[in-house]
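The next block holds one structure in the form of structure tokens; read it before the comments.
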Amino acid sequence: MNTENVTNSNNTERTTLEGGSKEALNKKTSAQFLLSTSLGVITIILAAVSAYYGLIRF
């Protein structure tokens, strides 16, 4: 079984073409993670409050 090795320069070129520099891509990824985590926590809290007041049943 053969595996194809991808060199570091190819990864850098692909990152630059897709979304800019590595630093910009890291910031974008970090912001997306923070947003999705926050929305998930808010959804769980809303579900818990709704269940507590009997608005929904689990």
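The values are calculated or read from the model by the stated rules, or taken from the named source; none is laboratory data. Since the structure is predicted, the reported quantities are computational estimates derived from the model, not experimental observations. Here the Cβ is made from the backbone with ideal geometry for all residues, glycine too, and neighbour counts use every protein chain on show. Note: areas computed on protein heavy atoms with side chains; ligands, DNA, RNA excluded. Shrake-Rupley method; radii C 1.70, N 1.55, O 1.52, S 1.80 Å.
Brief remarks on what is shown
- First in the range 46-58 and among the aliphatic types (A, V, I, L, M), second anywhere and open to solvent by 60 Å² or more (accessible area, probe 1.4 Å), Cβ under 8 Å, 6 or more apart: 47/56; 51/57; 51/58
Listed here are the residues, each with its yes/no results for (1) at pLDDT 65 or above; (2) β-branched (Val, Ile, Thr); (3) assigned to a helix (DSSP H, G or I).
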site	(1), (2), (3)
1	no, no, no
33	yes, no, yes
39	yes, no, yes
42	yes, yes, yes
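- Filtered by the rule that a residue be in a helix (DSSP H, G or I) and either open to solvent by 100 Å² or more (accessible area, probe 1.4 Å) or acidic (Asp, Glu) (or both), the range 46-58 gives 46, 52.
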